[in-house]
Amino acid sequence: MSWADWWLWAVAALVLGCLEMLLPGFILLGFAIGAGIVGLLFLVGGPVALWLSGSLPLTLVVFAVLSLLAWIALRRFVGLREGQVKMFDQDIND
């Protein structure tokens, strides 16, 4: 059950966080936050970690939901502000 090792999720969070620096856009940062939270759940232990360690598909669903929530929060608090519009003055083909 290597997917239940907390350090694998922590390494995945670090790698995804480093990749976010190369490919900005909050997509990989959301995945990194989701992996970090899952890693913390396994590190802390308890009934939630025991429940997650029993099934890889369940762990991946929790990871996906946490990543989506993190991405939504990032877009809401750090993304484009309301009323802010990107304006292009020149055509890129000129």
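Which of the following residues is out of contact with any Asp or Glu (no Cβ under 9 Å at 6 or more places or on another chain), touching a residue at least 12 places away in the same chain (Cβ under 8 Å), part of a helix (DSSP H, G or I) and loosely packed, with under 14 Cβ neighbours inside 10 Å: Trp7, Trp3? Let's see the steps before the verdict.
Working: Trp3 fails: loosely packed, with under 14 Cβ neighbours inside 10 Å.
Every option except Trp7 fails the conditions.
Any idea which residue in region 38-94 is modelled with the lowest pLDDT, counting only those that are of a type outside the set (A, V, I, L, M, F, W, C) and within 19 Å of Glu20 (Cβ to Cβ)?
Looking at the filtered set, the residue picked out is Gly79.
Can you tell me how many residues in region 15-55 are over 12 Å from Ala4 (Cα atoms), aromatic (Phe, Trp, Tyr) and buried (at least 20 other Cβ atoms within 10 Å of the Cβ)?
Going through region 15-55 one residue at a time, the tally reaches 1.
Restricting attention to region 56-71, which residues are surrounded by fewer than 18 Cβ atoms within 10 Å (Cβ to Cβ) and more than 17 Å from Asp5 (Cα to Cα)?
Once the filter is applied, which keeps residues that are surrounded by fewer than 18 Cβ atoms within 10 Å (Cβ to Cβ) and more than 17 Å from Asp5 (Cα to Cα), region 56-71 yields Ala64, Val65, Leu68, Leu69.
The values are calculated or read from the model by the stated rules, or taken from the named source; none is laboratory data. In this text the structure is predicted, and so the values were computed from the model without any measurement. Cβ sites come from the backbone with ideal geometry, for glycine too, and all protein chains shown count toward neighbours.
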